[in-house]
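Reading through the structure tokens given below for one structure.
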Amino acid sequence: MKQRSDYQFDLPEELIAQMPLPERSASRLLHLDGRSGECQDRRFRDLPALLAPDDLLVFNDTRVVPARMRGHRATGGRVEVLVERVIGDNRCLANVRASNAPPIGADILIGDLGRLTVVGREAGLFELVLAEGSLADLMQQAGHMPLPPYIQREDTELDWSRYQTVYANKPGAVAAPTAGLHFDQETLDALDAKGVRQARVTLHVGAGTFQPVRVEDLDAHHMHSEWLSVSEATCEAVRETRARGKRVVAVGTTAVRSLETAAAGGVLEPFEGETQLFIRPGYRFRVVDRLITNFHLPESTLLMLVCAFGGYEQTLAAYRHAVEKRYRFFSYGDAMLIDPRTQEEKPC
């Protein structure tokens, strides 16, 4: 499983969800036992019944910003700016789509609301500076929700609420942590009533999450970088869960990467900074006991992470089952609850 093509699967285009369901928790839930490969077809509303009191759900509380802006060059020509990361009140790194790449010193006009100047390049991204005001204000006025490229429509007012978790708190992501989109307040209340505990991490999902793996040999893949924060309070919640003999349940691959990055030294401890952690089969999980996740793109690093957790053969068989049963795929699609392939004792 060291080749990109090992993670290919056939997906009918009509199974790619283009819109969210009317209710968040109305989505389906495929429960995969990674040890046996058994699949059970459930509903997301069944989740409280599948967890135990004192289990710990770890959520990513990042908030998606309206990072896609359309404008034009001062010399003419349309331009689309997708902010990848805000690095100051008036400065950002961004993807810029134009007929010709703007040179350093070029201005990009966002209507009559702001002027962005190209001041540098960094790893394929453009460094832009806003002449006046704050980028946060400009994005709120002129920005669009950065829907993934496989959602083939313009964003609408509905996406401003539904391409966002109900617990989103810290602005900075340009893609939603999609496993969390299924949780509504009713589900959270039911989990609380069951005695399931909660903790938070923050990982600002970047546009790199949608970039294809461009090499066949995965040893040569260069993982994109994302910023994350894991607090002492979350580390303590994990330790308390371990002491009770209960399970740490990551809500999404971003929560997995956050926790596993913070435990990379062998012990889970507070962490704030960049991660380029690439999780694929062969990885030994230090923190996470169960995983809630959406269905992911073929040949993607996210699918590779899920295969590492649930087992390669078991995960791809579950994906074939999901296709056969007409599950909805990707960001606005259905969810999985995965029990790991192995039940190793966690060191953290």
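Miscellaneous remarks
- Scanning region 232-259 for residues that are of a type outside the set (A, V, I, L, M, F, W, C), surrounded by 19 or more Cβ atoms within 10 Å (Cβ to Cβ) and free of Cβ contacts under 8 Å to residues at least 40 places away in the same chain yields nothing.
Each row is one residue, and each column tells you yes or no for (1) of a type in the set (A, V, I, L, M, F, W, C); (2) at positive phi; (3) modelled with pLDDT under 95.
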position	(1), (2), (3)
102	no, no, yes
108	yes, no, no
112	no, no, yes
115	no, no, no
119	yes, no, no
122	no, no, yes
125	yes, no, yes
130	yes, no, no
139	yes, no, no
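- Test result for residue 267, assigned to a loop (DSSP other than H, G, I, E, B) and assigned by TED's automatic domain parsing to the domain that holds residue 13: yes
- Residue list for region 28-49, filter: touching a strand residue (DSSP E or B) at 6+ places or on another chain (Cβ under 6 Å) and of a type outside the set (D, E, K, R): 29, 30, 31, 32, 34, 39, 40, 44
- Number of positions in region 247-275 that are farther than 13 Å from residue 58 by Cα and not polar (S, T, N, Q): 13
- Within region 270-285, if we keep just the residues that are of a type outside the set (Gly, Ala, Ser) and in a strand (DSSP E or B), the residue that is farthest from residue 172 (Cα to Cα) turns out to be 271.
- Filtering 74, 52, 94 for residues that are crowded, with 20+ Cβ neighbours inside 10 Å and either in contact (Cβ under 8 Å) with a residue 24 or more places away in the chain or within 20 Å of residue 254 (Cα to Cα) (or both) leaves a single hit, 94.
- Strands (runs of 3 or more DSSP E) (entirely within region 13-81) containing at least 2 residues that are on the phi < 0 side of the Ramachandran plot and among the aliphatic types (A, V, I, L, M): 28-33, 56-60
- From the options 199, 179, residue that is in contact with a helix residue (DSSP H, G or I) (Cβ under 8 Å, 6 or more places away or on another chain), surrounded by 18 or more Cβ atoms within 10 Å (Cβ to Cβ) and assigned to a helix (DSSP H, G or I): 179
- For region 180-187, the criterion of being at pLDDT 95 or above, touching an Asp or Glu at 6+ places or on another chain (Cβ under 9 Å) and hydrophobic (A, V, I, L, M, F, W, C) is met by no residue.
The values are calculated or read from the model by the stated rules, or taken from the named source; none is laboratory data. Just so you know, these numbers come straight off a predicted model, no measurement behind them. Methodologically, a virtual Cβ is constructed for each residue, glycine included, from the backbone with ideal geometry; neighbour enumeration extends over all protein chains shown.
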